[in-house]
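One structure is given below, encoded as structure tokens.
The values are calculated or read from the model by the stated rules, or taken from the named source; none is laboratory data. Here the structure is a predicted model, which is why all the values come from computation and not from measurement. Glycine also receives a Cβ, built like all others from the backbone with ideal geometry; neighbour counts cover every protein chain displayed. Surface accessibility is based on the protein's heavy atoms, side chains included, excluding ligands, DNA and RNA. Shrake-Rupley method; radii C 1.70, N 1.55, O 1.52, S 1.80 Å.
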Amino acid sequence: MMNYRIDFIKPFGIKIEATAELSNILNLETKELQILFRQHQLILLRGFTPFKNTDDFIKFCELWGEISIWPFGKVLELIEHDNPSDHIFDNNYVPMHWDGMYRPQVPEYQIFQCVNAPMSNQGGRTTFSNTKLLLENASAEEKLVWEKVTGSYQRKMEFYCSKTVSPIITKHPHLDYEVIRYNEPPSDDQGQFVNPPELEFLGIDEKDLNNLHRSLKSALYNTSNFYAHDWQAGDIVIADNFTLLHGREKFVSGAPRHLQRVHVLSDPPYNNPALRSYE
Ligand SMILES: [Fe+2]
């Protein structure tokens, strides 16, 4: 690793850049990357020679563990659709959530490859909030409110129809710290939101709900816990889906934004403790 240029991303994550001599991504040791991943929760690999094809990208992902297979296969093509049936394929913003929340197993790693990036003024950054940091930075009063609340989420889309129930504050599946599992309600001021989930929050009075969401939102997007990734073509980002929540900023319709995303399971795989029904 010493031969690469490594920078810290603020407030979390690290960037490893290729050099003229070391531009083959397969020269990186996955075991070393995994140690850095545990320490920093997000790794950006930039400037490496692009994979020749999607199969080569899949082979890289398989170095990290077992790939979670979706009805569409191993790779999700994140690209804007005409008349999307779901917000995932719209150009709209996507609120904070964790991946696999509606699936039988929750992946530990999200691995993204940026095939094509929007221009710098076209939006479309992927947003990440580090909930370990967030809980370390939160006040005792805030935590007292959050730890009483359980979120109940129902969502029907092309790939599943599921119900998920999770406390807001819960434990990291394999490590000794607390994390937040929360699907932020889509805000009204962000335009039309295609196919929203049904959300319910238990353990809190109706009159206090707005304050709950306001306090979580302010913590999730606080610059001490929040990083928004500005994509460049060729970027590989590996993000910790157990610790982070993520979303997307809206982008200009028609902008050339194309990401590929693969889910890699932990070892051993983590069965979703929050899943109540799944079709
Ligand atoms: Fe997601």
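Given the criteria part of a strand (DSSP E or B) and of a type in the set (A, V, I, L, M, F, W, C), does Val145 qualify? Judged against the criteria, Val145 is not a match.
Taken over the range 106-117, the residue count meeting the criterion of being within 10 Å of the chain's Cα centre (by Cα), over 15 Å from Asp235 (Cα atoms) and within 12 Å of the ligand (Cβ to nearest atom) is 0.
Taking the condition of being part of a strand (DSSP E or B) and open to solvent by 20 Å² or more (accessible area, probe 1.4 Å), how many residues in the range 95-104 meet it?
Residues of the range 95-104 that are part of a strand (DSSP E or B), as a first pass: 95-97.
Subset that is open to solvent by 20 Å² or more (accessible area, probe 1.4 Å): 97.
Qualifying residue count for the region: 1.
Every listed requirement among (1) in contact with an Asp or Glu (Cβ under 8 Å, 6 or more places away or on another chain); (2) open to solvent by less than 10 Å² (accessible area, probe 1.4 Å); (3) in a strand (DSSP E or B) is met by Pro107 save one, (3).
Can Leu44 be described as within 24 Å of Glu108 (Cα to Cα), at pLDDT 95 or above and buried (at least 19 other Cβ atoms within 10 Å of the Cβ)? Give the derivation first.
Numbers: within 24 Å of Glu108 (Cα to Cα): yes; at pLDDT 95 or above: yes; buried (at least 19 other Cβ atoms within 10 Å of the Cβ): yes.
In short, yes.
Among the residues of the range 66-94, count how many are on the phi > 0 side of the Ramachandran plot and either surrounded by 19 or more Cβ atoms within 10 Å (Cβ to Cβ) or among the aromatic types (Phe, Trp, Tyr) (or both).
Applying the first criterion (on the phi > 0 side of the Ramachandran plot) to the range 66-94 yields 73, 83.
If we keep only those that are either surrounded by 19 or more Cβ atoms within 10 Å (Cβ to Cβ) or among the aromatic types (Phe, Trp, Tyr) (or both) too, we end up with none.
Total meeting the criteria: 0.
Could you go through the range 174-186 and let me know if any residue there is over 26 Å from Tyr227 (Cβ atoms), assigned to a loop (DSSP other than H, G, I, E, B) and either free of Cβ contacts under 8 Å to residues at least 60 places away in the same chain or out of contact with any helix residue (DSSP H, G or I) (no Cβ under 6 Å at 6 or more places or on another chain) (or both). No, the conditions are met nowhere in the range 174-186.
Put simply, of Ser152, Ser129, Ser166, Ser120 the only residue that is hydroxyl-bearing (Ser, Thr, Tyr), part of a loop (DSSP other than H, G, I, E, B) and either away from the ligand (no atom under 14 Å from the Cβ) or out of contact with any Lys or Arg (no Cβ under 8 Å at 6 or more places or on another chain) (or both) is Ser120. Selection within the range 62-105: residues that are more than 16 Å from the chain's Cα centre (by Cα) and within 13 Å of the ligand (Cβ to nearest atom). The member of this set that is farthest from Ala255 (Cα to Cα) is Trp70.
Among the strands (runs of 3 or more DSSP E) lying completely within the range 223-279, list those that include at least 2 residues that are open to solvent by less than 10 Å² (accessible area, probe 1.4 Å), at pLDDT 95 or above and touching a His at 6+ places or on another chain (Cβ under 9 Å).
Numbers: elements: 226-229, 236-240, 244-248, 258-264, 275-278.
Passing ranges, in order: 236-240, 244-248.
With respect to the stated conditions, Ser218 fails to be assigned to a strand (DSSP E or B), away from the ligand (no atom under 16 Å from the Cβ), open to solvent by 50 Å² or more (accessible area, probe 1.4 Å) and of a type in the set (Gly, Ala, Ser).
Among the residues that make up the range 150-158, is at least one of them of a type outside the set (Val, Ile, Thr) and over 30 Å from Phe72 (Cα atoms)? No.
Taking residues in the range 22-37 that are farther than 14 Å from Asp56 by Cβ, and partners anywhere that are surrounded by 14 or more Cβ atoms within 10 Å (Cβ to Cβ) and among the acidic types (Asp, Glu), the pairs with Cβ atoms closer than 9 Å and at least 6 places apart or on different chains are Phe37/Asp240.
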